[in-house]
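The values are calculated or read from the model by the stated rules, or taken from the named source; none is laboratory data. Keep in mind the model is a prediction, meaning the values are calculated, not measured. Virtual Cβ from ideal backbone geometry, glycine too; neighbours counted across all protein chains shown. Side chains are part of the model used for accessible areas, which takes the heavy atoms of the whole protein and leaves out ligands, DNA and RNA. Shrake-Rupley method; radii C 1.70, N 1.55, O 1.52, S 1.80 Å.
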Amino acid sequence: SADPFTRNAVSLECILEPLSLPESPGGVAAVESSPYVPCILCRECYLLAEQNQLLKHMITEHKLVIADVKLVADFQRYILYWKKRFTEQPITDFCSVIRTNSEAPLEDQDNYFLLCDVLPEDRLLREQLQQKRLREILEQQQQERYDTSFHSMCMFCDQEFTGNRSVLLNHMAREHAFNIGLPDNIVNCYEFLAVLQNKLDNLQCLYCEKVFRDKNVLKDHMRKKQHRRINAKNKEYDRFYIINYLEFGKSWEEVQSEDDRELLDNLEEDWSDWEEHPMCAVCLFCEQQADTTEKLYFHMQKSHGFDFLKIKSEHGLNFYQQVKLVNFIRREIHHCRCYNCQEKFQSKIELISHMEETKHVTFLPARSTWDQPQYYFPTYENDTLLCTLSDSEDLTAEDSNEDVPVVSEDTSNLKALKQSSVLNKLLYKEKKSQ
């Protein structure tokens, strides 16, 4: 039989409660390999994508609130750090205590614990996580900036692009008026484009985010409503812009508003010499751009002999007639055709040379040639010059001899609409030409 002292020693070594292997709350391996985030105060775990569910759990079950959580650069590392610290010291050593229903009986009162960057340790942790994330993002951006293996297709015309991401982004801005920002301001470009493509595949407008019944209706909506842009209020896009990683505790909107306030602070109270600078507009005859209409008109007069303001004044053109004239000239130049003698050329250079030598650029053809309903529609959908046109200051409503048709999109009498529509003239001309 065994010695009684030996039996007592064996019994003392029995495991009377469950054991846990040591965890690594701040370990890199634990962070990078696990898609889960644990509760700071218990064993509950949630997927990283279910961050809001975890925050709700900590509030309802443990009365723990984390302030400004949306500005924490790395939520998973932040939670793991504080889970470890809360096992070392009481929660009240780190959190402010907020008592609710303080005037109610003691049993009806609740204590909530607020973890925020007022605590120096919390602020230091947030800053370190922000700096680490910024280093990672800048490294990623640098890699994408010089990457020549980029390969993707345009979301609007299915044209294929290889080389550097800037080629595709510049193409979409130039050819489709879809500008998501300068290439150097964007990070994780592949993922960004995939998010946008997925929305289009789901027939969702990128700006207003409405869903449409088919692709053609969606494309028509985005073109007519000028919705070929992203919604800046959608926080889903924040992670793709460098500006959101630059300053600790600030979103891009706060950084931008500070820049705007700084500009306003530097302005003098006297705005008498203030000038409006619209977006860049392109010359009617060449690729020259100008940031004001005055500069553009001066260029066209000096370089091509086309005096837009003089023509507008002499012919008494109202806003709609100016629109039609611009679209008419754009169309003719695009087809390399002189808008006076109708002679066609092999290139725009030959055309402009002809028009300047013959002075055909200086005067307009018969009004009936260009004052047509078809020229209400832009030749180029991103023609900024159209946005800068205005009625002559001395042109009153009585001076205008044109009845401008305004057709409601919502009408109960479709038959009457078809009979009176200005598009009938276009259809008639099309059939006649065939």
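Inter-part distance, region 282-332 to region 97-159, computed on C-alpha centroids, equals 50 Å.
The ellipsoid equivalent to the alpha-carbon distribution of region 60-100 has semi-axes of 18, 15, 9 angstrom, derived from the gyration tensor eigenvalues as √(5λ) and listed largest first. For L48, the solvent-accessible surface computed with a 1.4 Å probe is close to 80 Å², ligands and nucleic acids excluded. In this structure H354 has an accessible area near 30 Å², from a 1.4 Å probe over the protein heavy atoms. Proximity of backbone amide H atoms, modeled 1.01 Å from N, is registered between Y241 and V187 at under 5 Å, excluding neighbours fewer than 5 places apart on the same chain.
On the accessible surface of region 137-202, probed at 1.4 Å, how many percent belong to carbon and sulfur atoms? Spell out each step's value before the answer.
Values: 1600 of 3500 Å².
Carbon and sulfur together cover 46 percent of it.
The ratio of the alpha-carbon radius of gyration of region 185-234 to the globular-protein estimate 2.2 N^0.38 Å is 1.15.
Using the per-residue mean of other Cβ atoms lying within 10 Å as a proxy for protection, in what order, highest first, do the peptides 88-101, 189-202, 67-80 fall?
On the way: 88-101: 12.1, 189-202: 15.1, 67-80: 17.8.
Taking the mean over residues of other Cβ atoms within 10 Å, the ranking is 67-80, 189-202, 88-101.
Computed on protein heavy atoms with a 1.4 Å probe, the accessible areas place L47, L168 in the order L47, L168, largest first.
A simple packing score, the average count of other Cβ atoms within 10 Å per residue, orders the peptides 103-116, 316-329 as 316-329, 103-116, with the highest score first.
Can you give the net charge of the other residues whose Cβ lies under 14 Å from the Cβ of K56, counting K and R as +1 and D and E as -1? Before the final figure, lay out the partial values.
Values: positive: K63; negative: E44, E50, E61.
In short, -2.
A viscosity of 1.567 mPa s and a temperature of 4 °C, combined with the Kirkwood radius over C-alpha pairs in the Stokes-Einstein formula, give region 207-250 a diffusion coefficient of 104 µm²/s.
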